[in-house]
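Working notes, structure below.
The values are calculated or read from the model by the stated rules, or taken from the named source; none is laboratory data. Since this is a predicted model, take the numbers as computed values, not measurements. Ideal geometry is used to build each Cβ from the backbone, glycine not excepted, and the neighbour counts take in all protein chains shown. Heavy atoms of the whole protein, side chains included, go into the accessibility calculation; ligands, DNA and RNA do not. Shrake-Rupley method; radii C 1.70, N 1.55, O 1.52, S 1.80 Å.
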Amino acid sequence: MTPARILIIEDDDFQFEIYEEALAKYELVRVTTGSEALKLIPQHPPDALILDHVLDAGELGLDFLPQFKELLPHVPIIIV
């Protein structure tokens, strides 16, 4: 059985290291912007999504929430 894939949208390296340690038994995929996530999701849909509020390139995670919910209607989204 393959581990669940968690998409982590996080621009802070230290915070991502914490996720790596805490979620080591899962397949983690990281991007640093919501724009990157929108490109990735169709090819590699996650089983869960962790969304940071403030991202790289001046993006705000909550601005992308409606699009994520549309693309992933039954996937849990955790906003940090």
Exercise. Hey, does region 59-71 have a residue that's in contact with a Ser or Thr (Cβ under 7 Å, 6 or more places away or on another chain) and either of a type outside the set (F, W, Y) or at pLDDT 95 or above (or both)?
Worked result: yes
Problem set entry | Within region 43-70, tally of residues that are over 13 Å from the mean Cα position of the chain (by Cα), under 21 Å from E27 (Cα atoms) and in contact (Cβ under 8 Å) with a residue 24 or more places away in the chain | 0
Exercise. Quick one: how many residues across region 11-37 are of a type outside the set (G, A, S), open to solvent by less than 40 Å² (accessible area, probe 1.4 Å) and part of a helix (DSSP H, G or I)?
Worked result: 2
Exercise. When only residues in region 1-10 that are at pLDDT 95 or above and surrounded by fewer than 15 Cβ atoms within 10 Å (Cβ to Cβ) count, which is nearest to G61 (Cα to Cα)?
Worked result: A4
